[in-house]
1. Can you pull out the helices (runs of 4 or more DSSP H) entirely within the range C:47-117 that have at least 1 residues that are modelled with pLDDT of 90 or more and over 21 Å from C:Val151 (Cα atoms)?
2. Just need a number here: residues in the range C:27-52 that are within 14 Å of A:Trp66 (Cβ to Cβ) and surrounded by fewer than 20 Cβ atoms within 10 Å (Cβ to Cβ).
3. Considering the range B:47-89 alone, what residues qualify as being assigned to a loop (DSSP other than H, G, I, E, B), closer than 16 Å to B:Cys105 by Cα and at pLDDT 85 or above?
4. Looking only at the range B:108-117, which residues are more than 13 Å from A:Thr134 (Cα to Cα) and either more than 8 Å from every other protein chain (Cβ to nearest Cβ) or within 12 Å of the chain's Cα centre (by Cα) (or both)?
5. So which residues in the range A:43-98 are charged (D, E, K, R), modelled with pLDDT under 85 and in a loop (DSSP other than H, G, I, E, B), if there are any at all?
6. Need pairs with beta-carbon distance below 6 Å; first residue surrounded by fewer than 20 Cβ atoms within 10 Å (Cβ to Cβ) and within the range B:57-69, second assigned to a strand (DSSP E or B) and aromatic (Phe, Trp, Tyr); sequence gap 6+ or separate chains.
Amino acid sequence: MNHNLELKLQAWLDGELSGPESRRVGQEIAQDAAANQLVTELRALKSTLAGNEPVMTISETREFYWSKIERQIQRETQVASPVHAARPANWLRWLSPLAGFSAMTCLLLMAVRPFAAPTFDEISATGEGMEAVTFHDQSAGMTVVWLADAMPAQPLEAPDAKTPDTGDSEVEME
Amino acid sequence: MRPFLNVLLAGLAFSAVTLPAKAADLKLEARLIWGANDERETVKYQPVDSELSEKLHRMFKWKNYFEITNKTAGIPLNQACDLKMSDACTIHIKNLGASRVEVSCIGHGKQVHKGAYTLVPPQWLVLGGNDTADTAWFIGLRAFDSNAAEPKKAISQN
Amino acid sequence: MSQQHDMSALNDTDLVRAAQKGDMGTFEELVARHRDKIYARAFSMMRNEDEALDLSQEAWVKGWQRLVQFQGDSSFVTWMTRIVINLCLDQIRKQKRQRAESIEVLEEESGGVERYMPVSTPNPSAGLERTELRRRIDRALSQLSEEHRTVLVLHEFEELEYKQIAKRMGCSIGTVMSRLFYARRRMASLLASLKRENAE
């Protein structure tokens, strides 16, 4: 079974396919034992996880937990007072010749020492359907660019059932 | 202000004279490597040299790394060249100067990746991806000093 | 104490309404009521108690700052959960930028091995008491990579659609589908092996 079909079966199970597509895949599942088996496994896991998210409790007392939040809220609502910039002192004009000397010294140093190569590189483009991840191993002296298949961002047809409003409009991605 | 500018200009002129002339040509080698768990005896290709083998083993999970193709090229500044690594794979490399290269990886006629990188010897740039049946392909690029001899192909003793 | 007792009798809607007018006491009641759920969501994603605690508190601070924007289209706790999820995703992204990933992690991301695993059909929850099941799920979740755990948590526990997950994670729908598929196969495998471990 190819991976595309596996993902289609998953999307069918999750209700992400349109009506006609969903019916077509449903028929495939009914006729193909391997497809049926995969959907059964995925469905079993779904029902296992449903409602069984691990429960966690905070051990801190109510007051202590709240006190930190309250302090942070108060801190962030205080208006910062502006810092007045000090006027440059007269003695700064004496630094100009020193600045020139420093610049010349830097240039001389750069002339006799090789440029340190920049550590990080720019990725310009990766083909459609690919993702690139770059990482560096200084000790191995190697930069790796790993190209992985991403499913092409084919728009799935609009699902039949809309899920209830989940507050998307109220919370912006940061 | 004027004396300061004079000092700065003098410094610039001095450094322009003393800056070592950068080699215009970029000499590099490119290797197409196959990562697999197949035993060496069953594969017709030679393993990569021990130095590269060690680096690849540190990073990746495959048991062996086989050298499929090894090519060298000298690319003048602002020029580019194509290196055909296999029937399915060509890399297009442009010398941007100051050890910078633009690398395009073309697979089955389509560009799968393009990026600008710094190649300072003896560091490797490795592009890689999954191949079929739990194997992987890699393209290793390395620049070498213009005065150094071209690297010899060495067989891994591992 | 009696003020707390009075507030505990109020529903979330009334508390939110009062808090939106600036009553921090009612907001504190909302925090007390839902702090475990928000913390649990953060912990599911971050798998680190201290980080989850910090992020949950940061979420409450942001919740207070944005409370006027809450219109009641979803439940208050759902709204707060989305805030903490966004904070967790930001934190995960920041941590990724700060460290190099090993190729083993990348291989896991692409599902190189598990994609080829034979399908297993045993029901991982059969015969398990709920507490034990949750404990095993928690243990299995800790063994997934961040990306896979995130997509699984957002889909299975938060019940987000693919496109909503893609938007939050900043990736394509195709990537979400691949990661979810891999995460599920891996979870099934982990739960099955935990079951075998306990049977021995």
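The values are calculated or read from the model by the stated rules, or taken from the named source; none is laboratory data. Given the structure is predicted, the values throughout are model-derived calculations rather than measurements. Heads up, the Cβs are rebuilt from the backbone with ideal geometry, glycines too, and the neighbour counts pull from every protein chain shown.
1. On the way: elements: C:49-65, C:76-98, C:103-110.
Counting at least 1 such residues, we get C:49-65, C:76-98.
2. 4
3. The answer is B:Met85, B:Ser86.
4. B:His108, B:Gly109
5. Matches in the range A:43-98: A:Arg87 only.
6. B:Ile68/B:Trp34
A quick yes/no check of all residues on (1) modelled with pLDDT under 90; (2) out of contact with any Pro (no Cβ under 9 Å at 6 or more places or on another chain); (3) part of a loop (DSSP other than H, G, I, E, B); (4) among the charged types (D, E, K, R):
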| position | (1), (2), (3), (4) |
| --- | --- |
| C:Asn123 | yes, yes, yes, no |
| C:Leu128 | yes, yes, yes, no |
| C:Glu132 | yes, yes, no, yes |
| C:Glu156 | no, yes, no, yes |
| C:Ala183 | no, yes, no, no |
| C:Lys195 | yes, no, no, yes |
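Okay, residues lined up against (1) under 23 Å from C:Trp79 (Cβ atoms); (2) facing another protein chain (nearest Cβ under 10 Å); (3) buried (at least 23 other Cβ atoms within 10 Å of the Cβ):
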| residue | (1), (2), (3) |
| --- | --- |
| C:Arg139 | no, yes, no |
| C:Gln143 | no, no, no |
| C:Glu146 | no, no, no |
| C:Arg149 | yes, no, yes |
| C:Leu152 | yes, yes, yes |
| C:Ala183 | no, yes, yes |
